[in-house]
Every structure is written in structure tokens, then in C-alpha cells.
1. Could you say which residue among 49, 101 is in contact with a helix residue (DSSP H, G or I) (Cβ under 9 Å, 6 or more places away or on another chain), crowded, with 20+ Cβ neighbours inside 10 Å and within 19 Å of residue 16 (Cα to Cα)?
2. Identify the residue in segment 121-135 that is without any contact (Cβ under 8 Å) to a residue 40 or more places away in the chain and over 15 Å from the mean Cα position of the chain (by Cα) and, among all such residues, is surrounded by the fewest Cβ atoms within 10 Å (Cβ to Cβ).
3. Looking at segment 1-23, I want the residues that are at positive phi and touching a residue at least 40 places away in the same chain (Cβ under 8 Å) and have a partner that is surrounded by 14 or more Cβ atoms within 10 Å (Cβ to Cβ) and part of a strand (DSSP E or B) with Cβ atoms under 8 Å, at least 6 apart or on another chain. Which pairs are those?
4. Check off (1) modelled with pLDDT of 95 or more; (2) exposed (fewer than 13 other Cβ atoms within 10 Å of the Cβ) for residue 118 and give me the number that stays unchecked.
5. Report, by residue number, each residue of segment 78-94 that is modelled with pLDDT of 95 or more and under 27 Å from residue 60 (Cβ atoms).
């Protein structure tokens, strides 16, 4: 009998600050810019993991506003199969890079960095479509 393998559970947070979103430049592979986020610890809720990861990577105390969507394509993370629950949140203040972040920036739809890690270009495309008023049932077709 083989031991079952399951995807690792992660969270990502789209943090809105003064009309922009916060992205971190990853310090560790895979390279590129990414949404703040990370692995959910055993015994931790998704919401607590999202707030913790946001604080660790940006220094911001984030108010989660909604659960946006779950992304589970087996190829979304080159390191292993992960499933990510993405949250939207807001924060005041000035973000500062910490934890796994090599650097940090505030970006808009028309001024994103050229290389995004994982499937974050898809997530951000979905997010900007949603913010432009496109209905969820049009964005997330199964």
C-alpha cells in the first residue's frame, strides 16, 4: 500500500494599499515577483495564515475583505503541487520587505513587473477583471 500524496495548502493575499497592490520580489527560488503568501501551518486557519504571511513579508497589518478564489493547477508551483486560497485585503501604512521578500513594491495593472512567479500573472489578471466589474461566473468558468 502506498502513502497518499496530497497538495500542500497555501494562501496568497492581494493587498490593496492606496490604489496599488503589494508585490514582493522573491529572495528564494523560484525567482520573480509574487503576491505575499505562503504555507498554512498545521492548526492554523486560512485567514490567520493570510494575515501572518502578510505581516511577515510586508510588515503590514492586513484587514481581509474577502476570499477571492482557490487555485489548484498541479503545475502552479514548480517546487511541488500546491493549492492556494487567495484573499483580498486592505492595509494602511508603508510596506517593508521582510521574511522571504528580497524587495517589495507597489504596482498597478498597467505597471506590473515583467516576471511574476508561480501562477500569479493569472491570479492578477483574474483580480483586475473582477475589479473592473466582470462577474465571477465569467472569470471562473469550470
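The values are calculated or read from the model by the stated rules, or taken from the named source; none is laboratory data. Keep in mind it's a predicted model, so treat the numbers as computed, not measured. Note: ideal-geometry Cβ built from the backbone for every residue, glycine included; neighbour counts use all protein chains shown.
1. Working: 49 fails: in contact with a helix residue (DSSP H, G or I) (Cβ under 9 Å, 6 or more places away or on another chain).
Answer to the check: 101.
2. Step one: list which residues in segment 121-135 are without any contact (Cβ under 8 Å) to a residue 40 or more places away in the chain, which gives 121, 125, 128-129, 131-135.
Next, only the ones that are over 15 Å from the mean Cα position of the chain (by Cα) stay: 129, 131-135.
Details: 129: 16, 131: 13, 132: 8, 133: 6, 134: 12, 135: 9.
Among those residues, the one meeting the criterion is 133.
3. Final answer for the pair search is 18/106.
4. Exception for residue 118: condition (2).
5. 82, 83, 84, 85, 86, 87, 88, 89, 90, 91
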